[in-house]
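Notes follow once the structure below has been shown.
The values are calculated or read from the model by the stated rules, or taken from the named source; none is laboratory data. As the structure is a prediction and not an experimental result, all values here were calculated from the model. Positions of Cβ are backbone-derived with ideal geometry, glycine not excepted, and every protein chain shown enters the neighbour counts. These area figures cover heavy atoms from the full protein model, side chains too; ligands, DNA and RNA do not enter into them. Shrake-Rupley method; radii C 1.70, N 1.55, O 1.52, S 1.80 Å.
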Amino acid sequence: MLCLKYLMSPFVSKLDDETLRCLVEALNESGQAVSIYDAEDNLRYANKTYQSIFLKGYEGPFTFTEILRYGAKHGVGVRIDDGDVEALIARTLPRRRSVPRKSFETDFLDGRWFWMDHTILPNGWVLTVGADITALKHNEKALHQAHNAAIRASLTDLLTGLPNRRHILELLEDALAANAASGSSLCVAMIDIDRFKAINDTHGHDAGDTVLRHFASASSEKLGRQDAIGRMGGEEFLLILPNTSLIDAARIIEQIRQECAEGKLQNGEVTRSHSFSAGLVEAQPRDDRNSILSRADRALYTAKRQGRNRTKLGLHAGNSEDPTV
């Protein structure tokens, strides 16, 4: 019975001088950033890690606000995204003792990230203990970058760097929805490189790949930020021109055509002069993806049938006598 009572007796900490000395030494060598501020926000204790982050070359006054101001002026301490230390102080002070305990992550100007545990002691003093999570943040960033790269790869044609068929069709759906909501003009063109099989058969597939890359580059250079072009497959491309009239869309296509007609050195590759045929249409009020692509396809077929290297305008559904640019 006595033995059981002895085993169940509570542990009582003995904070004698030797214990306190060892505790402070442990905190100093722990790698954690430890600080204690009193009720008036004067710094009363800072271990070696905390000092290396906030107090390099600082000689006081050692108050919370002045330490922040010193860091902002001398490039040490916490990173302030907008650079306005007074705004940071104004935001922080009212919340500094608003809850008994809180945790948050923050990054410092030396490149390190810390997870901070912020505790209000019964006497109003503030204990902050920060654990270095830099390696975890780097791993998180690498995973995020890999995730984004995988998403980009799933939406990108590897040869040309343009949106692939899946992505460009999604962009067409978005453009049609935006056009229906705004009532602005939207032009769409199906484009096909002329006699592409002959290029491959005569000069080899590397030459064909060079032509596709050059067409993609020439097209991208002529387009605005809201415009898009993607590879539908093979030598066929889909061009989307929001907020663009039919006349302006035809002019953009002719600019691309002129660029493609000029053989030149492109990223270390000798590019062959090449032409293309295009079927250009403007979205109608009841157009969906299938109907607008069908009209653009018919216009493209007519352009190829009439001799290639031209743009055929498909003005109205079912009209086979639309003009040619």
Inset, instruction - Using label points projected 7 Å from each Cα along Cα→Cβ, tell me how many nm separate Leu23 and Leu121, to one decimal. - result: 0.9
Inset, instruction - DSSP loop (so not H, G, I, E, B), at most 12 other Cβ within 10 Å: list which trypsin sites (Lys or Arg not before Pro) in the range 189-296 pass both filters. - result: Arg225, Lys264, Arg286
Inset, instruction - Over the range 166-224, with every protein chain in place, what whole percent of the accessible area is carbon and sulfur at 1.4 Å, could you tell me? - result: 49
Inset, instruction - Over the range 1-93, average the accessible area per residue using a 1.4 Å probe and give it in Å², no decimals. - result: 68
Legend entry - Rule-of-thumb Rg ratio for the range 218-317 [Cα; 2.2 N^0.38 Å; N residues]: 1.10
Inset, instruction - Express in % the proportion of alpha carbon pairs of the range 27-150 at distances exceeding 20 Å. - result: 46
Inset, instruction - Any chance you could give the angle, 0 to 90 degrees and rounded to 10, that helix 17-29 forms with the longest Cα principal axis of the chain? - result: 20
Inset, instruction - Starting from the Cα-Cα distance between Arg101 and Ala146, subtract it from 0.36 nm times their residue separation and give me the gain in nm to one decimal. - result: 12.7 nm
Legend entry - Calculated P(r) tail over 15 Å for the range 146-185, as whole % of Cα pairs: 51
Inset, instruction - Between Leu293, Leu127, Leu186, find the one with the highest GNM mean-square fluctuation for the chain; connect C-alpha pairs within less than 10 Å. - result: Leu127
Legend entry - Förster radius 25 Å - calculated FRET efficiency between Gln258 and Arg165 (Cβ-Cβ, nearest 0.05): 0.40
Legend entry - Straight-distance crosslink candidates among lysines, where the alpha carbon sits under 24 Å from Lys56 and sequence neighbours closer than 8 are dropped: Lys48, Lys73
Inset, instruction - Among DSSP beta bridges whose residues both lie in the chain, state the antiparallel percentage, nearest 5. - result: 90
Inset, instruction - Round to the nearest 10 and give me the degree value, 0 to 90, for the angle of helix 246-261's Cα axis relative to the longest principal axis of the chain. - result: 90
Inset, instruction - Using only Cα atoms, tell me the angle between helix 134-155 and the longest principal axis of the chain; keep it within 0 to 90° and round to the nearest 10. - result: 10
Legend entry - Dipole magnitude of the chain about its Cα centre (Cβ charges: Lys, Arg +1; Asp, Glu -1), debye to nearest 20: 460
Inset, instruction - Kindly report the accessible area of the range 107-171 per residue (heavy atoms of protein chains, probe 1.4 Å, no ligands, DNA or RNA), in Å². - result: 59
Inset, instruction - Hey, for a label at Asp297 modelled as a point 7 Å past Cα toward Cβ, could you say which residues of the range 153-194 have their backbone N under 18 Å away? - result: 165-173, 188-193
